[in-house]
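The values are calculated or read from the model by the stated rules, or taken from the named source; none is laboratory data. If you're wondering where the values come from, they're calculated on a predicted model, not measured in any experiment. When we count neighbours, we look across all protein chains shown, and the Cβ atoms used for this are built from the backbone with ideal geometry, even at glycine. With ligands, DNA and RNA removed, areas are computed over all heavy atoms of the protein, side chains included. Shrake-Rupley method; radii C 1.70, N 1.55, O 1.52, S 1.80 Å.
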Amino acid sequence: MNNTSKKNDKNIKASAFYMVGNLFNKALAFFTIPIFTRLLTTSEYGIAQTYLSWVSILTLIVGLSLGNSIRTAYVDFHDDIEGYMSSIFGLSLLSFLVSSALIIAGMFIFGNIDMILVICCLVQSYFQFVATAMTTKYMMKVDYIRKTLLLALPNLTIQVIAIFTIMNMHGDKKYFGYIIPYAAVYMVVGIYFVISSFIRGKKPLNKLYWKYALTYSLPLIFHGLSLVLLSSSDRIMITNLYNSSEAGVYSLIYNLSMVAMAVTASLEAVWVPWFTRKLMTGEKSTINKNITKYLEIALVLMLCLMFVAPEVVKIMATKQYYSGIYMIPPLVFASYEMYMYTVYVNVEYYYKSTKYIAFNTIVAAITNIVLNFIFVPLYGGMAACFTTVISYMVSFLMHSKHSRKLDRELFPLKQFAVPTLIFIIAIIIAYLLMEFWIVRWIIAIVGFIFYAAYALLTKRFSNFLK
């Protein structure tokens with residue numbers, strides 16, 4: 001078997017493993033929804049989801065977004081990637097200790113927040129950063145087995161422990177039974193990776209690597225924070241500007257709307273290293289040829305999800321959550337917008353244009369926050385759905401504009417126009433047929449069968465993976 005065939009075979013295996021891992025995670029989250037929505041009130045569920053939003057924010061602060069530098073470091077320091085990993089873990093550990101001390105001191109002076117929540121949030125934030133950094137390293141190495149295990153095993157452990165702890169808790173703070181397992185499991189996993197990295201890499205205090213990582217990553221802290229604000233600020237603002245019950249409903253629908261991202265994340269995990277290699281060798285026509293298929297697969301999956309999701313909500317959750325079914329179309333579309341703009345962000349990453357990545361995402365996040373302040377107090381979660389759509393579209397347009405300045409030969413904007421138009425038409429149809437579930441399901445099932453048959457007959461999917 002020649003080298004090209006070996007690489008193709010490895011890419012297909014990696015895609016399959018990533019897909020299994022991501023689907024397992026999404027399926028696990030999906031099938032535990034009816035358990036947690038019955039064990040917790042909408043308010044408790046909303047508080048737990050808001051906590052996870054704060055974890056996403058603090059992960060970037062305590063970790064200094066250093067994990068984002070691994071992509072380019074894997075190219076620049078390929079022969080000493082273990083040393084590089086140990087150095088960013090050493091720097092991030094120092095950042096974690098300093099920022100934790102400041103935050104805890106601030107809580108004592110100014111805050112009136114449960115200190116257990118704060119400590120859990122800080123601990124989970126740092127060790128979640130460690131786990132994410134390791135998955136990035138495995139992605140660049142195309143080490144699909146370790147990456148898949150790291151995606152799946154901690155999550156499975158967390159869900160099992162959370163169900164047990166909630167069932168054995170009493171009172172009005174059952175959300176602790178959901179939160180504490182997250183912090184505990186990530187702490188165990190993270191400690192293992194930090195220690196093993198220090199032993200293998202032996203360079204936790206390398207100033208050269210620290211300078212490299214900070215130069216690349218510091219602008220991306222603002223990018224990362226803006227991304228988290230785009231995806232998580234809705235829940236935080238709904239909790240504070242409307243009520244925590246509405247935040248619980250919104251969180252459920254948001255998580256359901258992101259189910260298709262299990263497959264798209266699997267594709268992206270293979271796309272990024274492939275895209276990097278092809279761009280290094282100047283094969284831009286090959287990249288442009290495959291981006292159409294890359295967008296097409298996600299489009300079909302997300303449209304099918306949008307058409308069947310209302311009944312899934314009714315099966316998986318109690319009547320308290322049924323008001324959220326009208327939030328599904330815009331949130332699924334938002335997840336597709338997210339998928340589209342990462343195509344351009346990958347170009348910006350390659351050319352190390354991290355300042356512009358941060359600036360573009362900050363503008364989109366500010367747009368989201370301002371629109372939420374205006375409309376969430378009036379219309380609750382439904383307003384947050386459409387402000388999310390608008391904000392992601394702003395992000396897509398800004399990233400595409402800058403990416404085209406960096407390299408005009410990559411990804412003509414017209415390649416994104418057709419799938420976007422199809423999605424908008426499908427949203428209108430979904431709302432018109434909201435009360436006619438049989439028609440929606442027939443459209444989704446028949447459409448998927450036709451597409452799958454077409455893909456198999458033309459070998460479209462297998463050729464794309466190769």
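So which residues in segment 384-393 are of a type in the set (A, V, I, L, M) and open to solvent by 10 Å² or more (accessible area, probe 1.4 Å), if there are any at all?
Within segment 384-393, Val389, Ile390, Met393 meet the criteria.
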Go through segment 394-414 residue by residue and tally those that are more than 15 Å from Ile357 (Cα to Cα), surrounded by fewer than 19 Cβ atoms within 10 Å (Cβ to Cβ) and not acidic (Asp, Glu).
-> 4
Pick from Thr136, Thr132, Thr157: which is within 23 Å of the chain's Cα centre (by Cα), at pLDDT below 85 and β-branched (Val, Ile, Thr)?
-> Thr136
Going by the conditions given, is Ala14 surrounded by fewer than 23 Cβ atoms within 10 Å (Cβ to Cβ), modelled with pLDDT under 75 and of a type in the set (A, V, I, L, M, F, W, C)?
-> no
Total residues in segment 65-76, condition closer than 28 Å to Ser232 by Cα and either open to solvent by less than 20 Å² (accessible area, probe 1.4 Å) or at pLDDT 85 or above (or both) | 6
Please find, within segment 296-317, the residue that is farthest from the chain's Cα centre (by Cα) out of those that are more than 13 Å from Ile328 (Cα to Cα) and assigned to a helix (DSSP H, G or I).
-> Ile315
For segment 166-195, enumerate the residues that are open to solvent by 20 Å² or more (accessible area, probe 1.4 Å), at pLDDT 85 or above and among the small types (Gly, Ala, Ser).
-> Ala184
Of the residues that make up segment 245-267, is at least one modelled with pLDDT under 70, within 30 Å of Ser353 (Cα to Cα) and not in a helix (DSSP H, G or I)?
-> yes
Cβ-Cβ under 7 Å pairs, at least 6 apart or on other chains, segment 327-339 side closer than 18 Å to Glu268 by Cα and open to solvent by 10 Å² or more (accessible area, probe 1.4 Å), far side of a type in the set (Ser, Thr, Tyr) and in a helix (DSSP H, G or I) | Met338/Tyr392
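Answer yes if at least one residue in segment 77-85 is under 21 Å from Asn346 (Cβ atoms), open to solvent by less than 30 Å² (accessible area, probe 1.4 Å) and in contact (Cβ under 8 Å) with a residue 40 or more places away in the chain, and no otherwise.
Looking for residues that are under 21 Å from Asn346 (Cβ atoms), open to solvent by less than 30 Å² (accessible area, probe 1.4 Å) and in contact (Cβ under 8 Å) with a residue 40 or more places away in the chain, one finds at least one in segment 77-85, hence yes.
When the residues of segment 236-259 are filtered to those that are of a type outside the set (A, V, I, L, M) and farther than 25 Å from Ala298 by Cα, which remaining residue is most open to solvent (accessible area, probe 1.4 Å)?
The extreme case among them is Asn240.
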Kindly establish whether Pro377 is within 21 Å of Leu331 (Cα to Cα) and of a type outside the set (Lys, Arg).
-> yes
